[in-house]
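What follows is a single structure, written as structure tokens, with notes after it.
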Amino acid sequence: MCALNITPPARQQARAAPHERARPVVAYCRVVIQFLVIWSGQLVSQTGTAMTAFALLVWAYQETGRATSVALLGAAWFVPFVLVSPFAGVWVDRLDRRRVMLWADVAAGGITLGLLLLYWSGRLQLWHLYAAEAVAGAAQAFQIPAFLAATTVLVPPRHYARANGLRSVASLGADALAPLAAGAMLVWVGLAGVMLIDVATCAVAVITLAAVRVPRPVRADGAAEAREGFRSELAQGARYILARPGLMGLMAIFLGINFAGTLTYYAILPPMVLARTGNDTLALASVQSANGAAGALGGAIMAVWGGPRRKIHGVLAGAALSFLTGDLLLAVGRSVPIWVLSAAIGTTLIPVITACNQAIWQLRVEPSIQGRVFALASAVRTSTMPLGYLVGGLLADHWFEPAMAEGGRLAPWLGGLVGTGPGAGMAAMFLTTAILGTALSLSGYLFPAVRNVETERS
């Protein structure tokens, strides 16, 4: 008579070999390590890129002396980014996401190498920088959604906000290190030396990406992603967002926030500091480094903390506090210590805002279509930023700066708050965005779909 195995399934599993129970832990550690390898390479690469960007920004302003010249560098980056992103997202879902990031880094290194050759030959002109920024923006249209989508399959869902915090550490940490490092390197090795360092750091990113593997996602039902026509896949991303009012509303809030932030913080902060300090590049490097360090600190806090339980509060309340404190201090401050203080308060919150927003999208969107959805959402959110760069520079040069000069039409009204003379008009613009940005951020609480976006039914 044969014996029957009546051991309960749960107990059978408990008696399974230890190595079988350890497999999930090993797999977990493997994918997290792969994420950290990619992240470290991006940290190195973004530091080199930020050094070159700072050095070329100073070169551009010293060549022209106009805020518009600097602002147009940002616009030249964002216009192709916005236009290419929807199409790039489809390819991110179709291709190996690791390879997409790898080729984007190769393109970034090639751009810098081209500028270096022009500089060595004595033919570097301002329009070359605009062209280079345009190509870089197109490359980042592939890189950003690929990295976000890769994070989803490499990191457990409960750690999405922490992983996004680490991404902020990489990007904003680079902003912290780059200005002071670039300022020192400009003295020691010149602009050409800074660009050579950038090329080397791009090579580091390529090597780290070549060393890892990123799993291909499958649909939520476990089936492999079916290949459709390109146009159909492009439209699928739009349909997915349109069917979810919470995501739509959140995207619309960011549309306004990004415009307000670009108008001043991104477009005219460097020329404002240079104008108010008599072209003191060390002062600008100090402010830019403080902004980057504060952002890196915020990213580190997010990596450890993980953000509030309801991520929407990190987005809306965090954005309101950032505008209200950071922009206001930049407006009334007239010295490097006050500008650094504004960074310590306002910029620390930026990684909280972005990490919480990205976590909401990563949790709400099916991994197999994240490339096209993330890319389309990013294109819409940032579509007002080129306009912000252009309008910010033009308003500064042609209206606010003359109005805040000695005897200008706004000087009697705002001179007591922001002073008068060079840079005062740009400081007055920060007063405007402090109010506008705070109002836009808090307006999200007025809409139930946005307030409840994390629990909205799919």
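Some observations on this one:
- Considering (1) in a helix (DSSP H, G or I); (2) touching a residue at least 12 places away in the same chain (Cβ under 8 Å); (3) more than 25 Å from residue 389 (Cα to Cα); (4) of a type outside the set (Lys, Arg), the lone condition that residue 307 does not fulfil carries the number (1).
- Residue 15 vs. criteria modelled with pLDDT under 90, surrounded by fewer than 23 Cβ atoms within 10 Å (Cβ to Cβ) and of a type outside the set (Gly, Ala, Ser): yes
- Evaluation of residue 214 against the conditions (1) of a type in the set (Val, Ile, Thr); (2) surrounded by fewer than 20 Cβ atoms within 10 Å (Cβ to Cβ); (3) not in a helix (DSSP H, G or I) shows that the sole unmet condition is (2).
Residues checked against (1) within 30 Å of residue 235 (Cα to Cα); (2) over 18 Å from the mean Cα position of the chain (by Cα):
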{"position": "96", "(1), (2)": "yes, yes"}
{"position": "127", "(1), (2)": "no, yes"}
{"position": "130", "(1), (2)": "no, yes"}
{"position": "151", "(1), (2)": "yes, no"}
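- Meets criteria (within 18 Å of residue 247 (Cα to Cα) and either among the acidic types (Asp, Glu) or at pLDDT below 90 (or both)) for residue 401: no
- Checked against (1) part of a loop (DSSP other than H, G, I, E, B); (2) modelled with pLDDT of 85 or more, residue 196 passes all but condition (1).
- Residue check, residue 62 touching a residue at least 40 places away in the same chain (Cβ under 8 Å), surrounded by fewer than 20 Cβ atoms within 10 Å (Cβ to Cβ) and in a helix (DSSP H, G or I): yes
- Residues that are under 30 Å from residue 452 (Cβ atoms), in a helix (DSSP H, G or I) and aliphatic (A, V, I, L, M), drawn from region 323-367: 324, 345, 349, 350, 352, 353, 355, 359, 360, 363
- For the condition over 30 Å from residue 271 (Cβ atoms), surrounded by fewer than 20 Cβ atoms within 10 Å (Cβ to Cβ) and of a type outside the set (Asp, Glu), residue 95 qualifies.
- Residue 174 vs. criteria among the hydrophobic types (A, V, I, L, M, F, W, C), over 16 Å from the mean Cα position of the chain (by Cα) and closer than 21 Å to residue 101 by Cα: no
- Residue within region 146-168 that is surrounded by fewer than 17 Cβ atoms within 10 Å (Cβ to Cβ), modelled with pLDDT of 90 or more and either charged (D, E, K, R) or in a helix (DSSP H, G or I) (or both) present: no
Yes or no, residue by residue, for (1) among the charged types (D, E, K, R); (2) more than 30 Å from residue 124 (Cα to Cα); (3) modelled with pLDDT under 90:
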site: 175; (1), (2), (3): yes, no, yes
site: 178; (1), (2), (3): no, no, yes
site: 212; (1), (2), (3): no, yes, yes
site: 244; (1), (2), (3): yes, yes, no
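- Taken over region 340-372, residues that are surrounded by fewer than 23 Cβ atoms within 10 Å (Cβ to Cβ) and of a type in the set (Lys, Arg) amount to 1.
A quick yes/no check of all residues on (1) surrounded by 18 or more Cβ atoms within 10 Å (Cβ to Cβ); (2) under 30 Å from residue 93 (Cα atoms):
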| site | (1), (2) |
| --- | --- |
| 377 | yes, yes |
| 417 | no, no |
| 438 | yes, no |
| 444 | yes, no |
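- Whichever residue in region 389-415 is assigned to a helix (DSSP H, G or I) and among the acidic types (Asp, Glu) and, among such residues, is surrounded by the most Cβ atoms within 10 Å (Cβ to Cβ): 401
The values are calculated or read from the model by the stated rules, or taken from the named source; none is laboratory data. Model, not experiment: these values are computed from the prediction. Note that each Cβ is placed from the backbone with ideal geometry, even for glycine, and that neighbours are counted across all protein chains shown.
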